[in-house]
1. Given a Förster distance of 51 Å, report the FRET efficiency between Phe263 and Arg64 from their Cβ-Cβ distance, rounded to the nearest 0.05.
2. Write down, largest first, the equivalent ellipsoid semi-axes of segment 38-79 in whole Å, where each equals the square root of 5 times an eigenvalue of the alpha-carbon gyration tensor.
3. Give the ranking of Trp18, Trp237, Trp63 by solvent-accessible surface, highest area first, calculated with a 1.4 Å probe.
4. According to the square roots a ≥ b ≥ c of the eigenvalues of the Cα gyration tensor, what is the shape class of segment 190-242, taking rounded for a/c under 1.5, prolate for a/b larger than b/c otherwise, and oblate for the remainder?
5. How much of Leu126 can a 1.4 Å solvent probe reach, expressed as accessible area in Å² and rounded to 10?
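The values are calculated or read from the model by the stated rules, or taken from the named source; none is laboratory data. This one's a predicted model, so the numbers in the text were calculated from it and none came from an experiment. Note that we place each Cβ from the backbone using ideal geometry, even for glycine, and neighbour counts take in every protein chain shown. For accessibility, only protein heavy atoms count, side chains too; no ligands or nucleic acids. Shrake-Rupley method; radii C 1.70, N 1.55, O 1.52, S 1.80 Å.
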Amino acid sequence: MPPIYYSFFVPTLFVWLWSTGFIGAKYGLPYAEPFTLLLMRMLLTLLPLAVLALVMKSRWPGWRGAGHLVVTGLLVQGAYLGGVFYAIDQGMPSGVVSLIVGLQPLVTALAAVLILGEAVAGRQWLGLVMGLAGVALVLLEKLGDGVDGASVPPRTLVWAGLALIGISLGTVYQKRFGTGVDLISGTMIQYLAAAAFFALGAFTLETREIQWSLQFGLAMGWLVFGLSVSAILILMWLIRRGAASQVASLFYLVPPVTALEAFFLFDERLGPVAIAGGLVAVAGVALVVTGGPRPSKC
């Protein structure tokens, strides 16, 4: 595989797909409660993955490997998605959720140093800080629309914090214990674990009622095929090939891309501060990605 394909196209595709998750949540949550929506999403996602597993003759891991995948699924799928969707559903603006989850590269880099022993160069730390500053600038306008710390319900901070911890630790855990597992079968096991997690939440915290509509169906279709199938498989592939801190740096680009999508879909305009923040975030990601070890060739 040509190096340019790995270094540009695949990360770019991932950032775009991942950014649409906030859009899909905005379209789908008015018609179903968070855990109910996510449970349906996981179950529907297992169907195309099962077909792919049969066609590609996927290899299944042993019990020990499956156990590691269950942990990864609970972190990357259960904790992250559950936290983000519940925070938005209970009143936290999506921009604030993005800002909190945008701290993930810093948390992941720290966890990678402590758990994996990865070396993070000085320019990479500078890039991580620049990325965080860029995300803050991009979201400054949304935070300035009357949304301050006092207006955010305290319980939503718990859900957003759960999402941040889940995706950060899940990225490091996947890098440490899941790099040798078949992508399709491994992802299926993760989704089964997440489905059990969401089922527990749906049956204990929610009514499980769904208002069926065309908008809900389209949102669910995109969340399943665009996010749960395409984006997650790309994420697992990127984690397998790159340092955990480098992969995490891609998440810095999600808020600027989401803001651009909101401009076209909802006529939310970008001011000079947001544009400057996007450029700072891109520069920060470039420092992190180019400052670490080179990925292995295909």
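1. Computed FRET efficiency for Phe263 and Arg64 comes out at 0.60.
2. 19, 18, 6
3. Trp63, Trp237, Trp18
4. Taking the square roots of the gyration eigenvalues as a ≥ b ≥ c, segment 190-242 is oblate.
5. 90 Å²
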